[in-house]
Amino acid sequence: MSRPYRFAMIGTGFFAQNHLHAWAQMPEVELVATCDIDLNKATAAADQFGGRAYTDARELFENEELDFVDIATTPPTHRMMVELAAEFGVAAICQKPLAWEMDDARAMVDAMAAAQLPFMVHENFRFQSPMRKIKSIIDEGVIGTPFFGRMSFRTAHDVYSAQSWLVESERMIIVDVAVHLFDLARFFIGEPETIFTSALRVNPRIKGEDVATVLMHMPHATCIVDASYETKSDHNTYPQTFVTIEGTKGTITLGPDYHLQVVSGDTVIDEDLVIPDHGWTSVPWNAIQDSVVNVQRQWIASLDSGVVNECSGVETLGLLDITLGAYESLASGQVYKVGSSL
Ligand SMILES: NC(=O)c1ccc[n+]([C@@H]2O[C@H](COP(=O)([O-])OP(=O)(O)OC[C@H]3O[C@@H](n4cnc5c(N)ncnc54)[C@H](O)[C@@H]3O)[C@@H](O)[C@H]2O)c1
């Protein structure tokens, strides 16, 4: 690499702070600009991490020489930002969910493909180090062929104080968290053929669903995805994801505080996983913060090679189909046939 990749951070709100910290530890990139419709946020990010602050994305593209943009605005603006990137010939990595509608997502993927630009979705749960470990155990054949999975994220943590837009969002926990769990299910077990959703709104203060259970039917396996923001329990495990994968030879369980148990035949191995520390990361966010570092490293590798190997825009259309299909199943009370919107 002759010089660092020059990039801009678009959207400098809640989650973007993790992106900015992670980029700051990577010598392969240089932050040349920040952009947020809220000038205070754009300026605060630029003051702390570098670059010029903008409030208008088009103005940013017109004025800066960029190799890529990192988009962490709220979902309704993702399409506009990606299409601007395509127009100006700039590679892009964009936060999940890709879009609210499949037509928007497809337009984004098509625009980037037509401009022959790398395009990745920041789908980070699979990049948490415990999830990478589970995947390698499955791939080594330690538990045989998976036939059952459960991906579970249940908490009563007040997510609304840091992310006020979730209060008003008609679509809530499925696009906010279940999307990650669907991705884990595909990552560990494979593509579902059908899904069925049961979901509720428990908190009367919000507009969307805050409790959801989705049954995913794969050709040779079943997987339950369940997410809740209303689960009062005595052990605060936010923001941890619990995983169970049962296979023909054994079972993997990721439980509270990253306790991993692997049963393979007569052997049982218990381990308390240690989450890598990056100085700026802290409990309880550390596994997610570390996953941001891992996503961004993957993105740099994609820029180096010109090929997005994981979570490319086009690959993520399948994830969005499942995510939007979960709402279709909820509305119709019927099973959703995966791939119908593709
Ligand atoms: N992967 C994860 O673990 C994770 C966690 C939280 C949020 N997210 C995703 O990150 C994205 C942002 O969520 P958040 O909770 O940080 O929201 P946020 O509201 O805190 O931040 C979004 C920022 O985008 C800015 N913005 C909105 N429209 C804009 C525009 N047209 N131009 C420039 N800036 C604009 C807002 O002013 C705000 O500062 C969402 O897509 C969300 O799903 C991902």
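The values are calculated or read from the model by the stated rules, or taken from the named source; none is laboratory data. All of these numbers come straight from a predicted model, not from anything done at the bench. Note that each Cβ is placed from the backbone with ideal geometry, even for glycine, and that neighbours are counted across all protein chains shown.
Within region 194-215, is even one residue under 21 Å from ASN286 (Cβ atoms), touching a residue at least 40 places away in the same chain (Cβ under 8 Å) and in contact with a helix residue (DSSP H, G or I) (Cβ under 7 Å, 6 or more places away or on another chain)?
No, region 194-215 contains no residue that is under 21 Å from ASN286 (Cβ atoms), touching a residue at least 40 places away in the same chain (Cβ under 8 Å) and in contact with a helix residue (DSSP H, G or I) (Cβ under 7 Å, 6 or more places away or on another chain).
Can you tell me how many residues in region 197-217 are over 13 Å from TYR327 (Cβ atoms) and assigned to a strand (DSSP E or B)?
The total comes to 6.
Taking region 107-124 only, how many residues are in a helix (DSSP H, G or I) and either surrounded by 24 or more Cβ atoms within 10 Å (Cβ to Cβ) or among the aliphatic types (A, V, I, L, M) (or both)?
7
Residues THR231, THR251: which one is in contact with a strand residue (DSSP E or B) (Cβ under 6 Å, 6 or more places away or on another chain) and outside any strand (DSSP E or B)?
When all the criteria are applied, what remains is THR231.
Any residue that is away from the ligand (no atom under 16 Å from the Cβ), surrounded by fewer than 19 Cβ atoms within 10 Å (Cβ to Cβ) and in a strand (DSSP E or B) - is there at least one of those in region 272-288?
Checked against the condition, which is being away from the ligand (no atom under 16 Å from the Cβ), surrounded by fewer than 19 Cβ atoms within 10 Å (Cβ to Cβ) and in a strand (DSSP E or B), region 272-288 yields at least one hit.
Do the conditions hold for ASP103, that is, is it out of contact with any His (no Cβ under 7 Å at 6 or more places or on another chain), under 24 Å from ASP183 (Cβ atoms) and more than 9 Å from the ligand (Cβ to nearest atom)?
yes
What is the residue count in region 138-158 for residues that are of a type outside the set (Asp, Glu) and more than 19 Å from PRO256 (Cβ to Cβ)?
Count: 9.
Hey, does region 312-326 have a residue that's of a type in the set (Val, Ile, Thr), within 16 Å of the ligand (Cβ to nearest atom) and under 18 Å from VAL82 (Cα atoms)?
yes
Would you mind stating whether PHE148 is within 16 Å of the ligand (Cβ to nearest atom), assigned by TED's automatic domain parsing to the domain that holds THR253 and in contact with a Ser or Thr (Cβ under 7 Å, 6 or more places away or on another chain)?
Taking the combined requirement at face value, the residue does not satisfy it.
In contact (Cβ under 8 Å) with a residue 60 or more places away in the chain, more than 10 Å from the ligand (Cβ to nearest atom), in contact with a helix residue (DSSP H, G or I) (Cβ under 6 Å, 6 or more places away or on another chain) and more than 22 Å from VAL314 (Cα to Cα): does that describe VAL69?
no
Considering region 72-100 alone, what residues qualify as being assigned to a loop (DSSP other than H, G, I, E, B) and either under 19 Å from ALA16 (Cα atoms) or away from the ligand (no atom under 12 Å from the Cβ) (or both)?
ALA72, THR73, THR74, PHE88, GLY89, VAL90, LYS96, PRO97, LEU98, ALA99
With the checklist (1) near the ligand (Cβ under 9 Å from one of its atoms); (2) of a type outside the set (S, T, N, Q); (3) surrounded by 18 or more Cβ atoms within 10 Å (Cβ to Cβ) in hand, flag the one item ASP56 doesn't pass.
In the conditions (1) near the ligand (Cβ under 9 Å from one of its atoms); (2) of a type outside the set (S, T, N, Q); (3) surrounded by 18 or more Cβ atoms within 10 Å (Cβ to Cβ), ASP56 misses (3) alone.
Tell me the strands (runs of 3 or more DSSP E) entirely within region 1-56 that contain at least 2 residues that are within 20 Å of PRO75 (Cβ to Cβ) and either outside the structural domain of THR77 (by TED's automatic domain parsing) or of a type outside the set (Asp, Glu) (or both).
5-10, 29-35
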